[in-house]
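Everything on this sheet refers to the single structure shown next.
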Amino acid sequence: MADRDIFCKIVSKEIPADIVYEDDDLIAFNDIAPKAKIHVVLIPKKHIGPHTTITENEAPIMGKMMVVANKIAAQVGVDKSGYRLVMNSGEDAGMGVDHIHLHILGGNKLGPIA
Ligand SMILES: [Zn+2]
């Protein structure tokens, strides 16, 4: 079932996570396999598939994710030093879980993206 992936189970607290932020719409947790000193994963509580599937209907929640990412960056102390937001979509990009998610990476110098 596409709506019962690991991130849905983190939302329902069936699977524990190191939660760093939570509100009515979004939840964020530390990545279990961090790719930087700070690596937080921010997801909508409502299941949304890959970025390729989003429509105008998802515009408000996508906008909120960007605003909350900024708050989380300040909370974890990378707002001044800088951070990278990454959203993968699909197999070629390495999207590991089919529930839209925004990676917040920072805390050390990051390599060039391209
Ligand atoms: Zn899901």
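Annotations
- Hits in region 23-32 (condition: part of a loop (DSSP other than H, G, I, E, B) and open to solvent by 50 Å² or more (accessible area, probe 1.4 Å)): 24, 25, 32
- Within region 4-21, considering residues that are closer than 19 Å to residue 87 by Cα and not β-branched (Val, Ile, Thr), the one farthest from the ligand (Cβ to nearest atom): 21
- Note on region 36-64: residues that are open to solvent by less than 40 Å² (accessible area, probe 1.4 Å), within 16 Å of the ligand (Cβ to nearest atom) and in contact with a strand residue (DSSP E or B) (Cβ under 7 Å, 6 or more places away or on another chain) amount to 5.
- Residue pairs meeting the criteria (Cβ under 8 Å; at least 6 apart or on separate chains; first free of Cβ contacts under 8 Å to residues at least 12 places away in the same chain, in region 9-34; second not aliphatic (A, V, I, L, M)): 15/9; 19/29
- Qualifying residue in region 85-96 (condition: open to solvent by less than 70 Å² (accessible area, probe 1.4 Å), touching a Cys at 6+ places or on another chain (Cβ under 7 Å) and either within 13 Å of the ligand (Cβ to nearest atom) or of a type in the set (Asp, Glu) (or both)): no
Quick grid of which residues meet (1) assigned to a strand (DSSP E or B); (2) closer than 18 Å to residue 7 by Cα; (3) modelled with pLDDT of 95 or more:
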{"site": "36", "(1), (2), (3)": "no, no, yes"}
{"site": "60", "(1), (2), (3)": "no, no, yes"}
{"site": "65", "(1), (2), (3)": "no, yes, yes"}
{"site": "71", "(1), (2), (3)": "no, no, yes"}
{"site": "74", "(1), (2), (3)": "no, no, yes"}
{"site": "96", "(1), (2), (3)": "no, yes, no"}
{"site": "100", "(1), (2), (3)": "no, yes, yes"}
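The values are calculated or read from the model by the stated rules, or taken from the named source; none is laboratory data. Here the structure is a predicted model, which is why all the values come from computation and not from measurement. Glycine also receives a Cβ, built like all others from the backbone with ideal geometry; neighbour counts cover every protein chain displayed. Heavy atoms of the whole protein, side chains included, go into the accessibility calculation; ligands, DNA and RNA do not. Shrake-Rupley method; radii C 1.70, N 1.55, O 1.52, S 1.80 Å.
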